[in-house]
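Remarks on the structure that follows.
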Amino acid sequence: MDQLFIAEAVFKILRERRQGIADIMLYGNVKSMEHYRELMGNLESINHVEQELKGLLEKQERTDG
């Protein structure tokens, strides 16, 4: 399987999950402060994974180039 295809699929999953969390927060479906903290932690994790994946792709691009 192509590495770029996998990366694009992962980015799509991350975007969809981020949007799902944003929808929960924007439309008042946060049940408690604990739930809010959990959602914020999820967003931080998504951002971290996205940054790591971008870094790996850039490193791969420099190696291939």
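None of the figures in this text is laboratory data; all of them are computed from the coordinates on show. Just so it is clear, the model here is predicted, and its values are computed rather than measured. In this analysis, Cβ positions are derived from the backbone assuming ideal geometry, glycine residues included, and neighbour counts consider all displayed protein chains.
Working only within segment 16-46, note down all residues that are polar (S, T, N, Q) and out of contact with any Lys or Arg (no Cβ under 8 Å at 6 or more places or on another chain).
Q19, N29, S32, S45
Would you please name the residue that is nearest to Q3 (Cα to Cα), looking only at residues in segment 29-55 that are without any contact (Cβ under 8 Å) to a residue 40 or more places away in the chain and among the hydrophobic types (A, V, I, L, M, F, W, C)?
Filtering first and then ranking leaves V49.
Being loosely packed, with under 10 Cβ neighbours inside 10 Å and outside any helix (DSSP H, G or I) is the filter here; which residues of segment 1-30 pass it?
M1, D2, Y27, G28, listed by residue number.
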